[in-house]
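Report on the structure given below.
The values are calculated or read from the model by the stated rules, or taken from the named source; none is laboratory data. Just so you know, these numbers come straight off a predicted model, no measurement behind them. Heads up, the Cβs are rebuilt from the backbone with ideal geometry, glycines too, and the neighbour counts pull from every protein chain shown. We work out accessible area using only protein heavy atoms, side chains counted, and drop any ligands, DNA or RNA first. Shrake-Rupley method; radii C 1.70, N 1.55, O 1.52, S 1.80 Å.
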Amino acid sequence: MIVRQEASGDYDEVYGLVKEAFASAEHSDGNEHDLVAALRKSAAFVPELSLVAEADGKIVGHILLTEATVGDDTVLALAPLSVLPAYQKTGVGTALMEKGHRIARELGYSYSVVLGSETYYPRVGYASADGFGIEVPEGVPPENYMAIKLQEDAAPVAGTVAYAEEFGM
């Protein structure tokens, strides 16, 4: 498997992949593929943090980390992480997150937040966001709202996350 930066020529394939990956997801609004397309056009988009995983001659996974803020601090929001159903539970998602976090560290980002499975994301270091001083949005189960410190010497953050307007939050 190869994990690399997404190229504009990948957009159509990634659109279909994201749509298929979330088609039977337990928690999905059914618009994740449109969110990815909208975020690519936003000020929050960081091209280096839109990654694809290739296996068997095709794109089988995609991750997008975009800029958000906590107070005056810029952080990253991981959303969405998409893996084709046939490749789920094979390490594709973990490989995408690990490479995304490595690149984010190199770019100087200190934190990433995610709303997702409390059993999946802790595997790569995510923990309850409130433990980092990040407030859990109203109506979101605290165990599903997580963050990871990307830089050991990161200054503390405090407050609510302000997402790119494309998230509609």
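Values computed for the structure shown
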item	result
Test result for Leu76, open to solvent by less than 60 Å² (accessible area, probe 1.4 Å), closer than 23 Å to Ser117 by Cβ, assigned to a strand (DSSP E or B) and touching a Ser or Thr at 6+ places or on another chain (Cβ under 6 Å)	yes
Residue in region 50-66 that is touching a residue at least 60 places away in the same chain (Cβ under 8 Å), open to solvent by 10 Å² or more (accessible area, probe 1.4 Å) and in contact with a strand residue (DSSP E or B) (Cβ under 9 Å, 6 or more places away or on another chain) present	no
Qualifying residues in region 124-138 (those that are in a helix (DSSP H, G or I) and open to solvent by 40 Å² or more (accessible area, probe 1.4 Å)) - the one nearest to Gly100 (Cα to Cα)	Phe132
The lone exception for Val114 - which of (1) open to solvent by 10 Å² or more (accessible area, probe 1.4 Å); (2) in a strand (DSSP E or B) it fails	(1)
Test: residue in region 139-148 that is open to solvent by less than 40 Å² (accessible area, probe 1.4 Å), over 13 Å from Val70 (Cβ atoms) and of a type in the set (Phe, Trp, Tyr)	no
Qualifying residue in region 88-100 (condition: at pLDDT 95 or above, outside any helix (DSSP H, G or I) and open to solvent by less than 10 Å² (accessible area, probe 1.4 Å))	no
